[in-house]
Amino acid sequence: MRDKKIIKLVLENGMVFSGFSFGYDKPVAGEVVFNTAMTGYPESLTDPSYFGQILVATYPLVGNYGVPGEDADGDIRKYYESDKIAVKGFIISDYSAEYSHWNAKYSLGDWLKMQKIPGIYGIDTRALTQVLRESGTMLGKIVFDDRDVEWYDPNKDNLVAAVSPKKKQVYGNGKHRILLIDCGVKNNIIRCFLDRDTTVIRVPYDYDIQKEEYDGLFISNGPGDPEVCLPTIKSLEKALADEKPVFGICLGSQLMALASGAGTYKLKYGHRSHNQPVRRVGEDRCYITSQNHGFAVDDNSLNDEWEPLFINVNDGTCEGIRHKSKPFFSTQFHPEASGGPTDTEFLFDDFINLIEKS
Amino acid sequence: MNKMVKKVLLLGSGALKIGEAGEFDYSGTQALKALREEGVETVLINPNIATVQTSEGVADKIYFLPITPFFVESVIKKEKPEGILLSFGGQTALNCGVELFEKGILEKYNVEVLGTPVTAIIDTEDRDIFIEKLNQINVKSARSIATGNIEEAVKAAETLGFPVIVRAAYSLGGMGSGFASDEDELRKLVQIAFSYSSQVLVEESLKGYKEVEYEVVRDRYDNCITVCNMENFDPLGIHTGESIVLAPSQTLTNKEYHKLRELSIKIIRHIGIIGECNVQYALDPDSEDYRVIEVNARLSRSSALASKATGYPLAFIAAKLGLGYGLHELKNEITKTTSAFFEPALDYVVCKIPRWDLNKFSGVTKQIGSSMKSVGEVMAIGTTFEEAIQKGLRMIGQGAHGFVGNRDIEIENIESELANPTEMRIFVIEKAFEKGLSIDRIYDLTKINRWFLYKLKGIYDLSSKLGIYDSLEDVSAGLILESKKKGFSDFQLGRLILKSSTDDMDDANIQVRNHRKSLGIVPAVRQIDTLAAEYPAVTNYLYLTYAGTKHDIDFENDGRSVVVLGSGAYRIGSSVEFDWCGVNAIITLNKSGYRSVMINYNPETVSTDYDVADRLYFDELSFERVMDIIDLENPGGTILSTGGQIPNNLAMRLHKEGVKVLGTQPHSIDRAENRHKFSMMLDDLKIDQPVWQELTDFDEILRFADDVGFPVLIRPSYVLSGAAMNVVSNKDELEHFLKLAVKVSKKYPVVVTEFIEQAKEIEIDAVADKGEIVAYAMCEHIEFAGVHSGDATMVFPPQKIYFETVRRIKKAARQIAGELNISGPFNIQFLAKDNDIKVIECNLRASRSFPFVSKVLKSNFIELATKVMLNTPYEKPSKSIFEIDYIGVKASQFSFSRLSKADPVLGVDMSSTGEVGCIGDDYYDAVLKAMLSVGYRIPKGNIMISGGPIRDKLELLNSSRLLVDIGLALFATKGTFEFLNANGIPSTLLHWPDENKTPNVIDYIRNKQFDLVINIPKNLTQGELANDYTIRRSAIDYNIPLITNARLASAFIYAFTRIAPEDISIKSWDEY
């Protein structure tokens, strides 16, 4: 409330939404997407899959419980999904400058300022979301009165290259060796593996996986259009010719599909929420899942060796695939949650079981 | 789906009571709708005649009978249902179902329990089994020790360490529970708790923990969702029914939210719920440690709130799951395109605030704590916490204008009030800010999470900022908009900026309104769509907010819509009956080709269901908000007469703004509401009324009383403590009442009315068309005048009044209807004595008894009234009250057991929380059903009588003889003992409580040696008062049926001595 600086969100279609700044003073451009989750702004903001995007929270009250500090378990930040904020900007309706929580260290605004990320509050985020829903995801920029910035379309870039680590890193010392191709992995995926007696070998997206000894291969989530992630697709083509268990999440799922010869496409406005219902194909079992994706696998394009594993109960889109005979499967949703519901964490157990069986 | 089930019995929850109110009309109605949609034949047992669920077309067969194993078995025997639903009628239905199961009755008649199995219900209800169940899956619960007697309880408390919580197992909304900080307190609490249950739990105290709830749903395929989570503003220690509640949670991180969500699903799976259940947690404010407090294996007050808060129809879906559907096989009722297997995403915040009516009771403790005392609740929707809570504080309808801008709130000791909260707690926080108390200090005293306190402080600071200005023009548009976004009403802005006094607030209101409209500051209409705009919604479940910049819907402006104003929070004097009226007005509008628009904010109602009106504005019934909506809707008309007193009070102000009111015109409403104008009109019409005067000092009052003669009825305009109205019999009482209980001054005048003793009270409910009565129903009270009409037992058609009286009443009603040119529903109350009639009240709106008379007469008065108001053709009902050959009796439900220390006596102010209406073949059949429905039991052993004044003793003489004749033993206090003895009726003498002699009445009560206590209050002298109060209060505390009116006692005794239980008629509504 102290410095009520007016800033604007300008959309590609010319619409302008005006609000007040609560983050860093810097104009930015990117792709505008909305998320309907009601909790978990520290988790969302640090999710590398949002790289290049300006995030809109549909839940209006944000900042209530502050932001936790940089505490770490080994090399992994305890309360963040990566080391830094991944979004380009954050757009909300009502900002809570005062916060209250035992593990909070910063206010959300201070944290954004520290990480040089702009934030706007006082926006009619429902109206904005309706625009994105009706017209589809679009480019946007956050501008201050005197400062503008060029439009930026993140989907034209290889975003994975930007968020993927430059070198290999090993975590834990468990029985099963998981080779994790990091296209922008969320920390909780690593945590989920480490909880299951594994050693996680985290490698860059373009790493030559043939160099490593492993029991199971994992391909992570990450930002952008899967089709531009060619080196990973190449690695996967080889892995899929092999028999070792493979598991992919989100972008990882799309990359597995592409490696199998199937296609992917861009959804009108994606799935970004904590309440996406998915059904296991051929069964009456359904799960509530956490999701964050703009692209999807076209399950009509799957070849005879592959089949859909999960489908979205709302819109019928592909939520995961599996190989009919080999131990390969994937999910479009996020079984590791963080944020969001934890219903499908058992899939990590399923993966370990596959490793144990093979 | 379970194709086997073709006929299903649903148990309702009976009369509204504290802890079990309108939410079960909503849940039962939705369940019945769901069954109907599947072609299942439905049978409903519910004596609550004022509900929507007991209306034509909702269930196939309706029985207005008590929800007890005896009656339910009788209905099962007759109807032979294949399935039964137990989870839609609150604890009443659940307890009854468990009993039927345990007695083998369900098995005997081959009735399948649909949804959650009874064994799973028992697992959640029996504390020991429940804890064991949680332990099996490593879920933590509050450490708790089940005890069977007082000594065990004391030992348990020593093991756990004080303070401890005491609760009675198997009880409604925390009855017989409380905190004990030492052995003394414990002993007192436990003794009472054992009167409710043979098992009493002593638990570790988690005072100061956050209280969080989840609403969880599971289907037979083991698919689970949590529809909503909710966080209490008040920390653990204050019953969730007494807490301000927010949805979704506000101070939980993602990890906490999902940890508790995951546990909820783990629990529901382990217990084996099919349908809906609610899990309550205590969450440590300083870590992620938690305890499970409770699981309710049924629809609850919280699930009703969750349904309204999210748009997810929990009861409807739960009923479908009971039939065997999977969640993924059902549609989201709001979007109609997406699945019911999902978890709603909210893009707004919801705030529930309880409504208390403690001022209606004398002697009651005002502290709020672990047992529930509130009688209703409101739900406010906003885009900021501030908007939601300020809306909510206005909605509760107790004079507050929001968090700030209130006058007449005086708090003596702020710190002590913060530490020992009463129903005023939130306003005390505002006073604490005013006094400069820090957030930390307030937190220490209240343990209310600092986030809430910061937000409230923000509202307070904003009000101070506004207070600097004196004129609207000086305030920037930005600041006005910010204030509106933070929930400030025009009234608050008027008071804070214009410094207007209460008298000219109407003008200030209009001034602010016009000013902000000229600046373009108006609220936007938003849809509740369950998916935060991810998918479009097809239902018009709406609210208004200043955070919006555009409307989600379009407005037709074709004059084909009609706005119906709802009745707001349930309170003593206005509850489910007005919901029935509102719903029936809506149904009639829909049938007549109009678009119906409902405004209401009570989450416990059917009128606020997403599929009742074409448009539902879940928002305030304030002048400001109603005008906002009317500005947008531009309706063909507005109906004020089906929502009780709230809409009626808006009549003149809406009229002044040019709003088209349908039916009786606001000027006429004003002539009936204004005591002076109405009185003059009656004089002109030569209709008699009790003599009255508005007086401003004690001597005037005394002079008036001497003139008309004692007793007189005193109606103060400002109450200090205790009941607002009272009858005083002499100068001492008058003095006592005026000095202790009320303020008398020029500003706060007192209305004093002649009180006529031994007079009958007769009411007429009617519908008129342009001043002509087109339908009417007359009811007679069993009690003489002096018992509030809302507490009285009503008989319809009347059985014991003279034809001449009827003729005179009809004539007076016709005259009044003509003079006021009434079009629509109205109600007049009369006193009748020796064929003289006097008018005591007239309401130009539907009354509390409209559903009762409509259903008994089988002629829907609201449908008729709505048609009249719309000017559409209608058929004049042909049936007259003298042609029906059965009888309806409406009896009141009291909730004194919840209201610690309140004197359970009936008076001129209303104190009942609910009612039932039963139909019988004759008077006694109907009386007996009605009395059993409100919780009375047929005595089999001892009866205690203290008969009060001589005329009441006389009244009880014959009935006492009947009791002795059937072999019951009478016990009496001195006067009554002697009176009975002199009349040859044997009884045992018991000493008064203060006599300290044995045998003493109080010991008999404590040892539960009575099946019925009849105590008639004598007079207001201190000694009598104390003794009688002790008897009455103890009877309530020890859960012994109590009657305090001689005429009602007689009617009940006549009924059960003449009709044996097995001879009570078991007939459905359509069989009469």
Task: Farthest toward positive dipole pole in region A:6-156 [+1 Lys/Arg, -1 Asp/Glu at C-beta], among A:Ile117, A:Thr137, A:Asn35 - done: A:Thr137
Task: Carbon and sulfur %, accessible surface of chain B computed with the full protein complex present, 1.4 Å - done: 48 percent
Open item on the list: Quick check: residue separation of B:Val538 and B:Ile966 times 0.36 nm, minus the Cα distance between them. What number comes out in nm?
Closed with: 147.7 nm
TODO: For region A:101-138, list whatever residues lose no less than 30 Å² of accessible surface once every protein chain is in place, relative to that chain by itself, with the probe at 1.4 Å.
DONE: A:His101, A:Trp102, A:Asp124, A:Arg126, A:Gln130, A:Arg133
Open item on the list: So with the 1.4 Å probe, I'd like the accessible area per residue for region B:947-1016, rounded to whole Å².
Closed with: 46 Å²
- [ ] Determine the alpha carbon to alpha carbon distance for each of A:Lys78/B:Lys457; B:Lys78/B:Lys1008; A:Lys211/A:Lys244; A:Lys113/B:Lys391; B:Lys320/B:Lys391 and list only those over 26 Å.
- [x] A:Lys78/B:Lys457; B:Lys78/B:Lys1008; A:Lys113/B:Lys391; B:Lys320/B:Lys391
TODO: Using a 1.4 Å probe on the heavy atoms of the protein chains only, list every residue of region A:2-42 that has 40 Å² or more less accessible area in the complete assembly than in its chain alone.
DONE: A:Thr36, A:Met38, A:Thr39
TODO: List, in order, the whole-Hz ³J(HN,Hα) value for each residue of region B:630-637 obtained from phi through the Karplus relation with A = 6.51, B = -1.76, C = 1.60 and θ = phi - 60°; use x for Gly and Pro.
DONE: 5, 4, 7, 6, 6, x, x, x
TODO: Treating each Cα of region A:6-156 as an identical point scatterer and ignoring solvent, apply the Debye formula and state log10 I(q)/I(0) at q = 0.14, 0.15, 0.19 Å⁻¹.
DONE: -0.62, -0.71, -1.13
Open item on the list: Using a 7 Å offset from the Cα along the Cα-to-Cβ direction at both B:Gln136 and B:Leu989, what is the distance between the two label points in nm, to one decimal?
Closed with: 6.1 nm
Open item on the list: Could you tell me which residue out of B:Leu186, B:Phe698, B:Thr642 lies farthest along the dipole of chain B toward its positive end? Charges go on the beta carbon: Lys and Arg +1, Asp and Glu -1, centred on the Cα centre.
Closed with: B:Thr642
Open item on the list: Not counting ligands, DNA or RNA, and with a 1.4 Å probe, what is B:Val597's accessible surface area in Å² rounded to the nearest 10?
Closed with: 0 Å²
Open item on the list: Within chain A, what whole-number % of the accessible surface is contributed by carbon and sulfur, with the 1.4 Å probe and all protein chains included in the calculation?
Closed with: 46 percent
TODO: Report the extension gain between A:Asn353 and A:Lys324 in nm, rounded to one decimal, defined as 0.36 nm multiplied by the number of residues separating them, less their alpha carbon distance.
DONE: 8.8 nm
Open item on the list: Explain nothing, just the number: dipole magnitude of region A:159-357 about its Cα centre with +1 on each Lys and Arg Cβ and -1 on each Asp and Glu Cβ, in debye rounded to the nearest 20.
Closed with: 520 debye
Task: Accessible surface, per residue, of region A:159-357 when the full set of protein chains is kept, probe 1.4 Å, Å² - done: 34 Å²
Open item on the list: Between A:Glu150 and A:Tyr24, how high is the FRET efficiency from 1/(1 + (r/R0)^6) when r is the Cβ-Cβ distance and R₀ = 30 Å? Nearest 0.05.
Closed with: 0.95
TODO: Quick one: grab the alpha carbon gyration tensor of region B:677-741, order the square roots of its eigenvalues as a ≥ b ≥ c, and give me rounded if a/c is under 1.5, else prolate or oblate depending on whether a/b is larger than b/c.
DONE: prolate
Task: Cβ-placed point charges (K, R +1; D, E -1), dipole of the protein assembly as shown about Cα centre in debye, nearest 20 - done: 640 debye
Open item on the list: At 1.4 Å probe radius, can you tell me the per residue accessible area of region A:6-156 in Å²?
Closed with: 33 Å²
TODO: May I ask what percent, to the nearest 5, of DSSP beta bridges between residues of chain A are antiparallel?
DONE: 60 percent
TODO: State the extension gain, in nm to one decimal, for the chain segment bounded by B:Arg1058 and B:Lys207, taking 0.36 nm per residue of separation less the distance between their alpha-carbons.
DONE: 301.1 nm
Open item on the list: Let's see if you can work this out: charge +1 on each Lys and Arg Cβ, -1 on each Asp and Glu Cβ, no other charges. What is the dipole magnitude of region A:6-156 about its Cα centre, in debye to the nearest 20?
Closed with: 120 debye
Open item on the list: I'd like the accessible area for B:Ser859, computed on protein heavy atoms only with a 1.4 Å probe and all protein chains in place. Round to 10 Å², please.
Closed with: 20 Å²
TODO: Leaving out ligands, DNA and RNA, calculate the buried accessible area for the pair A and B with a 1.4 Å probe, summed over both sides, in Å² to the nearest 100.
DONE: 4700 Å²
- [ ] Among DSSP beta bridges whose residues both lie in chain B, state the antiparallel percentage, nearest 5.
- [x] 70 percent
Open item on the list: Among A:Leu194, A:Tyr265, A:Phe328, which residue has its Cα furthest toward the positive end of the charge dipole of region A:159-357, with +1 on Lys/Arg Cβ and -1 on Asp/Glu Cβ?
Closed with: A:Leu194
Task: Shape of the protein assembly as shown, Cα gyration tensor, a/c cut at 1.5 - done: prolate
Open item on the list: If I model a spin label as a point 7 Å beyond the Cα along the Cα-Cβ vector, how far apart are those points for A:Glu70 and B:Glu434 in nm?
Closed with: 4.8 nm
TODO: Please label the shape of region B:523-662 as rounded, prolate or oblate, based on the square roots a ≥ b ≥ c of the eigenvalues of the alpha-carbon gyration tensor (a/c under 1.5 means rounded; beyond that, a/b larger than b/c means prolate, else oblate).
DONE: rounded
Open item on the list: Checking buried surface per residue: for region A:57-100, which residues lose a minimum of 50 Å² accessible area in the protein assembly relative to the chain alone (1.4 Å probe)?
Closed with: A:Tyr59, A:Leu61, A:Asn64, A:Tyr65, A:Asp94, A:Glu98, A:Ser100
TODO: Output the Kirkwood hydrodynamic radius of chain B, Cα pairs only, in Å rounded to one decimal.
DONE: 29.9 Å
TODO: Could I have the simple spin-label model distance between B:Asn1000 and B:Val691, label points 7 Å from Cα toward Cβ, reported in nm to one decimal?
DONE: 4.6 nm
Task: Pairs beyond 24 Å (Cα-Cα), from A:Lys4/B:Lys255; B:Lys210/B:Lys455; B:Lys61/B:Lys855 - done: A:Lys4/B:Lys255
Open item on the list: Can you say what percent of the DSSP beta bridges in the protein assembly as shown, counting only those with both residues inside, are antiparallel? Round to 5.
Closed with: 65 percent
TODO: Please give the FRET efficiency for B:Glu1071 paired with B:Asn730, using the beta carbon to beta carbon distance and R0 = 45 Å, rounded to the nearest 0.05.
DONE: 0.30
Task: Value of [θ]222 nm, deg cm²/dmol, for chain B, DSSP H segments ≥ 4, -39500 (n - 2.57) each, nearest 500 - done: -11000 deg cm²/dmol
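The values are calculated or read from the model by the stated rules, or taken from the named source; none is laboratory data. All values derive from a computational prediction rather than experimental measurement. When we count neighbours, we look across all protein chains shown, and the Cβ atoms used for this are built from the backbone with ideal geometry, even at glycine. Quick note on the areas: whole protein, heavy atoms, side chains included, nothing else; ligands and nucleic acids left out. Shrake-Rupley method; radii C 1.70, N 1.55, O 1.52, S 1.80 Å.
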